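Notes follow once the structure below has been shown.
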Amino acid sequence: MANSREFLLVWDSTMCIPNGDMLNENRPRQDELTGQLEVSDVRIKRYVRDHWINIGKEVLVQSVEDKKGNIMTCASRISHIKKENKLDDKNVGEYLLSNYIDVRLFGAVITKPKKDIMGPLQIAWSKSVHEAEVKFMQGNAAYAGKEGASQSSIWSKYITPYGLFKTYGVYNDLVAKRQGIEVTEEDMADFVEGLIEGMKNYRSTSKNQMPRLLVEVVYKNNKLDGELDYVHINKDLNDTELRSIDHVSIDLEKLSNYYEKKQEHIKEVIVYKHPSIEPLNVHGDFKVEII
């Protein structure tokens, strides 16, 4: 069984929609009071799942078409898996846990047969560490909006010039043990890879993000912190003027102090860093890897 651990990811987005709000013209999600950008746990897990799918891992939660080209519901997807693998209602949960890494780590809500699996690895909603600007953009499309038009149509969207985020995640081995879920250290390594590579490799007209720093604190026991917010961001400019990772520095002094205080409970601290940054006050015991 993998040891309990916590994660803190520092990442940024440039000239894009970090997480669109479909109920608000797909604008970047934003706290109306503070101006901070917001990103859901679902969006982060999608980066991870997309990477797993790309490298051939079995992933349950994804869009799958039936023979007619329609997107399957949860019930029809499970029914197909049961039929294909000759399963019954009693052993379908065990099969999903054994064969689908996203079920093993993130859990799943199965509608038929009714079964809820609580994921031992949870990711919190993310917020930018600063107030951010949101811009309305327009441009000419390549095609006309209708037949017979004399000019091409105009596209429009909302984007944010820059956002720097912190994302917290936690793997609790007690949650896994209570449900009989066998999570391995290899699963944890696959999650780290999916988080980093999924963000780096997923690019579209609306997504342009980069992981800058990932802290992984592995515990000897279950003495978790609960938020691990010990990475300090020093900003060289006012919040809405930030446009690049070059405008900030990342200080790990608080993390080093936390490690000193809880060293008896901590197995190791791994810091994955992007070549574009050089974090300050990195403890000598920390393992540093380049991503």
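To keep it simple, each residue is scored yes or no on (1) over 30 Å from GLN263 (Cα atoms); (2) part of a loop (DSSP other than H, G, I, E, B); (3) touching a helix residue (DSSP H, G or I) at 6+ places or on another chain (Cβ under 9 Å).
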position: GLY139; (1), (2), (3): yes, no, no
position: PHE165; (1), (2), (3): no, no, no
position: GLY169; (1), (2), (3): no, no, yes
position: VAL175; (1), (2), (3): no, no, no
position: ILE181; (1), (2), (3): no, yes, yes
position: ASP190; (1), (2), (3): no, no, yes
position: GLU193; (1), (2), (3): no, no, yes
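Residues are listed down the side, and each one gets a yes or a no for (1) of a type in the set (Val, Ile, Thr); (2) under 25 Å from ARG178 (Cβ atoms); (3) more than 19 Å from the chain's Cα centre (by Cα):
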{"residue": "GLY20", "(1), (2), (3)": "no, no, no"}
{"residue": "VAL39", "(1), (2), (3)": "yes, no, no"}
{"residue": "ASP50", "(1), (2), (3)": "no, no, no"}
{"residue": "THR73", "(1), (2), (3)": "yes, no, yes"}
{"residue": "PHE106", "(1), (2), (3)": "no, yes, no"}
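Looking at (1) under 24 Å from ILE123 (Cα atoms); (2) exposed (fewer than 15 other Cβ atoms within 10 Å of the Cβ), find the lone condition where GLU264 falls short.
All conditions pass for GLU264, except number (1).
I'd like to verify a number: residues in region 108-126 that are surrounded by fewer than 19 Cβ atoms within 10 Å (Cβ to Cβ) and either farther than 21 Å from ILE78 by Cα or of a type in the set (Gly, Ala, Ser) (or both), how many?
Counting residues in region 108-126 that are surrounded by fewer than 19 Cβ atoms within 10 Å (Cβ to Cβ) and either farther than 21 Å from ILE78 by Cα or of a type in the set (Gly, Ala, Ser) (or both) gives 3.
Only residues that are exposed (fewer than 15 other Cβ atoms within 10 Å of the Cβ) and closer than 22 Å to SER76 by Cβ: list them for region 22-56, please.
The answer is VAL42, and nothing else.
Run PRO120 past the list (1) farther than 30 Å from LEU8 by Cβ; (2) at pLDDT 95 or above; (3) of a type outside the set (Lys, Arg) and report the number of the one that doesn't hold.
(1)
Tell me the residue from LYS146, LYS112, LYS90 that is in a loop (DSSP other than H, G, I, E, B), touching a residue at least 24 places away in the same chain (Cβ under 8 Å) and over 30 Å from GLN36 (Cα atoms), please.
LYS112
Scan region 219-278 residue by residue and report those that are assigned to a strand (DSSP E or B), farther than 18 Å from VAL192 by Cα and out of contact with any Pro (no Cβ under 9 Å at 6 or more places or on another chain).
Residues satisfying the conditions are HIS232, ILE233, ASN234, LYS235, VAL248, ILE266.
Here are ASP66, ASP21, ASP88, ASP116: which of them is closer than 30 Å to GLN138 by Cα and among the acidic types (Asp, Glu)?
Result: ASP21 is the single residue among ASP66, ASP21, ASP88, ASP116 that is closer than 30 Å to GLN138 by Cα and among the acidic types (Asp, Glu).
The values are calculated or read from the model by the stated rules, or taken from the named source; none is laboratory data. No experiment lies behind these values; they were computed from the predicted model shown. Counting neighbours? That spans all protein chains shown, and the Cβs are built from the backbone with ideal geometry, glycine included.
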